[in-house]
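The values are calculated or read from the model by the stated rules, or taken from the named source; none is laboratory data. In this text, all values refer to a predicted model and were calculated from it rather than measured experimentally. No Cβ is skipped: glycine too gets one built from the backbone with ideal geometry, and neighbour counts run over all protein chains shown. For the accessible areas, the whole protein counts, side chains as well, though only heavy atoms, and no ligand, DNA or RNA atoms are used. Shrake-Rupley method; radii C 1.70, N 1.55, O 1.52, S 1.80 Å.
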Amino acid sequence: MKKNVFCLITLFAVLFAAVSCDKKDDDEAGQAWKLANEQAFNAIKNNPAYTEFKSPGNEGSIYYKVLRKGTGTKPIFYTSTVKVYSKGWFVVDSKEHGITNGMMFQKWLAEDGIPATLKVSELLSKNGATVSFKGIQAALQKMKEGDKWEIWVPYQLGGGKSKASTLTIGSTPLHLIPAYSTLVFEIEVVEVIQ
């Protein structure tokens, strides 16, 4: 009986140690990912080609570069529906997440044909709870028809710090976005519908 109890205690100790080590490795990998993404975002702050603006709730900054200025005059609101060509990519490598710098997690390009139609208010990340992609929502509301921008979004205004989230545009789920990801989008506003 004592031998069985000892074996059982030893087994629990080994399992606890294994789980603790796995959690520690996950925490270290998560912190390394967060730091690398923050460094990539901070590097843009000093690049004169990019312009900063604060999110409407003053939750952080978004940086953008105008790739082409459009001629449209119709404003884009939070409730607007727009047609866009866009692509989004990661800026950091991660073996743990299977991600490489420049890897696209989303794309609707002109050469693919029809632009994506979306309601600005429905740019969401879903993983149990709903988290708005506030950075893209805010940037779109500063754009006009024909504008094409490169937009850098920090995790606070993107996928957030939840374990992982799936970016959803309209009803289309896209690539899994790891927590603390700096995201870069190239967005062209083709049409403002309403």
Notebook entry, point to check: When all C-alpha to C-alpha distances in the stretch 71-125 are sorted into bins of 10 Å, what percent of pairs does each bin hold, rounded to whole numbers?
Noted result: 20, 36, 31, 11, 1
Next item on the list: Count charges around LYS107 for me, please; just the other residues with Cβ under 11 Å from its Cβ, Lys/Arg as +1, Asp/Glu as -1.
Entry: -2
Margin query: Let me check I have the definition right: for the stretch 30-125, take the eigenvalues of the Cα gyration tensor, multiply each by 5, take square roots. What are those semi-axes in whole Å, largest first?
Written below: 26, 19, 15
Next item on the list: Could you tell me the accessible area of LYS54 in Å² (1.4 Å probe, neighbours in place), rounded to the nearest ten?
Entry: 110
Notebook entry, point to check: Extension gain TYR78-LYS161, at 0.36 nm per residue separation less the Cα-Cα distance, in nm?
Noted result: 27.5 nm
